[in-house]
Amino acid sequence: AVPLQPWQPGQSFDQIVAPTMFIAAQSDTVAGVASNASFFYDSIPDTVKKYYVEFAGASHFLTTNDLGTSYDGQSKYMIAFYKVYLEDDMRYLDILNGPPDPELSQYKKSM
């Protein structure tokens, strides 16, 4: 599962057992990360492969104040996630396990 800027206040995902990647935006005023994406990531057991990718300064639509977008970065992480967990293509683990890109404000993973 790859929720994009998820919003569901008060929801817990403690029953999730499938690999999950949350795409979040640091300056999201629609689905604030503290009560949504970050909270959801933390609610999934650490025994589940999970990722949290938060883009620095980005809004809910992954745009920044200078009207740039984070779509390329989002695509990079989503494609790597799908390649590893849907196609079993382990070449993409380098992206998921490597150092986070500078455009990210947070990157978390469990392993």
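How would you classify region 37-90 from its alpha-carbon gyration tensor, with a ≥ b ≥ c the square roots of the eigenvalues: rounded for a/c under 1.5, else prolate if a/b is greater than b/c, otherwise oblate?
Oblate, because a/c is 1.5 or more while a/b does not exceed b/c.
Along region 93-107, what does the Karplus equation 6.51 cos²θ - 1.76 cosθ + 1.60 (θ = phi - 60°) give for ³J(HN,Hα), rounded to whole Hz, x for Gly and Pro?
Coupling constants for region 93-107: 4, 4, 6, 6, 9, x, x, x, 5, x, 6, 9, 8, 8, 9 Hz.
What percentage of the solvent-accessible surface of the chain, computed with a 1.4 Å probe over protein heavy atoms, is contributed by carbon and sulfur atoms? Can you show the working numbers first?
Values: 3400 of 6130 Å².
Carbon and sulfur: 55 percent of the exposed surface of the chain.
Whole-Hz ³J(HN,Hα) for each residue in region 69-83, computed from phi via Karplus 6.51 cos²θ - 1.76 cosθ + 1.60 with θ = phi - 60°, x for glycine and proline: what do you get?
Values, residue by residue: 10, 10, 5, 5, x, 4, 4, 4, 6, 5, 5, 4, 4, 5, 4 Hz.
Can you list residues whose amide H is under 5 Å from A25's amide H, if they're 5+ apart or on another chain and H is modeled 1.01 Å from N?
For A25, the qualifying residues are F55.
According to the square roots a ≥ b ≥ c of the eigenvalues of the Cα gyration tensor, what is the shape class of the chain, taking rounded for a/c under 1.5, prolate for a/b larger than b/c otherwise, and oblate for the remainder?
On the way: a/c = 2.02, a/b = 1.14, b/c = 1.78.
Note, shape of the chain comes out oblate.
Could you do me a favour and compute the accessible area per residue for the chain, 1.4 Å probe, result in Å²? Numbers along the way, then the final one.
Details: 6130 Å² over 111 residues.
Here the per-residue accessible area is 55 Å².
When Lys and Arg each count +1 and Asp and Glu each count -1, what net charge do the other residues less than 15 Å away from Q15, Cβ to Cβ, add up to?
Working: positive: K50; negative: D14, D42, D46.
In short, -2.
For region 16-21, just list the computed ³J(HN,Hα) in residue order, Karplus coefficients 6.51, -1.76 and 1.60, θ = phi - 60°, integers in Hz, with x standing in for Gly and Pro.
With the stated coefficients, region 16-21 comes to 5, 10, 8, x, 9, 10 Hz.
Report, by chain and number, residues whose modeled amide H sits under 5 Å from the one on Y51, excluding near sequence neighbours (fewer than 5 apart, same chain).
T20, M21, F22
The values are calculated or read from the model by the stated rules, or taken from the named source; none is laboratory data. Please read all numbers here as calculations on a predicted model, not as lab measurements. No Cβ is skipped: glycine too gets one built from the backbone with ideal geometry, and neighbour counts run over all protein chains shown. Ligands, DNA and RNA are stripped out before the accessible areas are found, and what is left, the full protein with its side chains, is counted by its heavy atoms. Shrake-Rupley method; radii C 1.70, N 1.55, O 1.52, S 1.80 Å.
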